[in-house]
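Following: one structure in structure tokens, then a few remarks.
The values are calculated or read from the model by the stated rules, or taken from the named source; none is laboratory data. Nothing here was measured: the structure is a model prediction, and the numbers come from that model. Every residue, glycine as well, gets a Cβ built from its backbone with ideal geometry; the counts of neighbours run over all protein chains shown. Only protein heavy atoms, including side chains, enter the accessible area calculation; ligands, DNA and RNA are left aside. Shrake-Rupley method; radii C 1.70, N 1.55, O 1.52, S 1.80 Å.
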Amino acid sequence: MIEKVILVRPRGFCAGVERAIKIVEDCLQIFGKPVYVKHEIVHNKHVVDSLTKKGAITVNTVEEIPQNATAVFSAHGSPPQDFEKARQKNIRLIDATCPLVSKVHLEVHRYANQGYTILYIGHKGHVEADGVCAELPGKLHLIETIKDIEEIRMNKEEEDDKEKNQNNDNKKGVYLTQTTLSVDETKEIIAALKKRFPNIKEPPSEDICYATTNRQAAIKELAKNVDVIFVIGSKNSSNSRRLAETAQKTGKTAFLIDDVNGIKKEMFKDAKIIGLSAGASVPEYLVQQAVEYFVNLGAKKEELNVLNEVMTFKEPLELIKIKREQKGI
Ligand code: SF4
């Protein structure tokens, strides 16, 4: 018999996701249908479906966007080549890249210009990592696991050094990371990197974003108080997956579900207290539907407020400019 359902805070939408969704909605309102969105605006099926109903068309490449159309690039960031392709097609482009992802793109160039070799910790094939790696094609080392560190050659001179039997592990390097990684796993990778490259430089500020860090910290607290955890989020959402994994690593049973329909009775058959959280791309109504499910089974609803978030991001300058022009300011 379920006694309680505990909702942890912070959960759900982060500032970058709220900003990206609003950009698409504003574009639909200002320019009318259709607005093309390159890549899912955020990794959540419900958000994408709702914007599709309003007139957004999600595509995977710039090639699929017609000449002169209005387009938004997703919150995950894009390769610089895509901006050039959009320019050549005279696309009216509004970039919804989260400012915290843009920060990493800028860091790649800042450190490359200073002669650093970039070691980027991220997931191969994830759209955010692809965008960052495309800033310096073939020159940036992508590290997914500790095992990858063994393979690193700090720069092309390494091959010469190897022949001369020299060790180049002290060459100038800096590590950067994807914004939505597991905080604990990344710490382990960084420790291994520092062991291999004692002089490796750290980024000026943490690249794993505040929303990822806070949700993972909060779910660890939640895990102390519950029997089973449900994390709402899409399977292709990096931060949602890492959130569910963080919960599982506490030793508690945790499930990643798209929405309330993913909850099955056998998942919580011996549980008295259920915990709920949601990835950074998940709308609150999906959490409330799950709460209702457990409340209907007789559970009392409680909130666990671990951290308060106050982050907001400004809308893109190009959109501010268009809005001002419309108002004749
Ligand atoms: S999860 Fe972090 S990096 Fe991604 S959109 Fe949200 S704030 Fe930005």
- Report the percentage of all Cα-Cα pairs in segment 54-105 whose separation exceeds 15 Å, rounded to a whole percent. 43
- Note on the structure: Protection proxy (average C-beta count within 10 Å per residue), highest first, orders 109-122, 234-247 as 234-247, 109-122
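Accessible area per residue, 1.4 Å probe, Å², for segment 263-329: what's the number?
With all protein chains present, segment 263-329 gives 64 Å² per residue.
Taking Cα pairs under 8 Å and at least six residues apart, what relative contact order does segment 206-270 come out at, in percent?
Relative contact order here is 32 percent.
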- Query: Lys/Arg Cβ at +1, Asp/Glu Cβ at -1, dipole of the chain taken about the Cα centre: which of THR180, PRO316, ALA247 is farthest positive-ward?
  - Reply: PRO316
- Message: How high is the relative contact order of segment 1-117? Use alpha-carbon pairs under 8 Å, at least six apart in sequence, and give a whole percent.
- Response: 25
- Task: May I ask you to compute the full-extension gain from LYS22 to GLU318, defined as 0.36 nm times their residue separation minus their alpha-carbon distance, rounded to one decimal in nm?
- Result: 105.2 nm
- Please report the Cα spread of segment 22-160 along all three principal axes, rounded to whole Å, starting with the longest. 57, 31, 23
- Query: In what sequence, highest mean first, do 3-10, 275-282, 194-201 appear when ranked by Cβ atoms within 10 angstrom?
  - Reply: 275-282, 3-10, 194-201
- Given charges at Cβ of Lys, Arg, Asp, Glu: the chain dipole, positive-most of ILE190, HIS39, ILE273: ILE273
- Item | Cα Rg, Dmax, the chain, angstrom units | 21.8, 72
- Please get the size of the charge dipole for the chain, origin at its Cα centre, with Cβ charges of +1 on Lys and Arg and -1 on Asp and Glu, quoted in debye to the nearest 20. 620
- Message: Relative contact order for the chain: what percent, with Cα pairs under 8 Å and sequence separation of 6 or more?
- Response: 25
- Query: When ranked by the protection proxy of mean other Cβ atoms within 10 Å per residue, highest first, what sequence do the peptides 79-89, 221-231 form?
  - Reply: 221-231, 79-89
- Taking N as the number of residues in segment 169-301, the ratio of its alpha carbon radius of gyration to 2.2 N^0.38 Å works out to 1.25
